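What follows is a short report on a single structure.
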């Protein structure tokens, strides 16, 4: 299928977004920033899935994206609830202080 933007540009953008997400997970200590970087990595994979689906002219990848987004929304809700409870218990969302959350 002909597209205005070549598939290589989507691959490059998706790789760049995924790499930024990985670097954020590896080097940041704030749990909220780490959570956002994980979501950035998921969105990079979603972008690549939709790009390949469009490239092959198949709508299955785009339909699968809606299911992935639903799971990601549930993940965000649970993750933010956990981070809220961590903040209430420790007063910080720094992952270095999470060793205080012992039973």
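Where a number appears in this text, it was derived from the coordinates with a stated rule and is not lab data. This one's a predicted model, so the numbers in the text were calculated from it and none came from an experiment. Positions of Cβ are generated from backbone atoms using ideal geometry, with glycine treated the same way; all protein chains shown enter the neighbour counts.
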Length released on extending from residue 94 to residue 30, taking residue separation times 0.36 nm less the Cα-Cα span: 22.6 nm
Listed candidates (i) 0.96; (ii) 1.12; (iii) 0.92 - label of the one calculated as Rg/Rh (Cα atoms, Kirkwood Rh): (ii)
Estimated distance in nm for a label pair at residue 19 and residue 81, the labels positioned 7 Å out from Cα along Cα-to-Cβ: 3.8 nm
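At a threshold of 8 angstrom on Cα-Cα distance, excluding pairs fewer than six apart, so keeping six or more, what relative contact order does the chain reach in percent?
28 percent
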The chain: angle of helix 60-90 to the longest principal axis, Cα-based, in degrees nearest 10: 10 degrees
Amide N proximity, the stretch 33-56 versus residue 11 label position 7 Å along Cα-to-Cβ, cut-off under 18 Å: 44-56
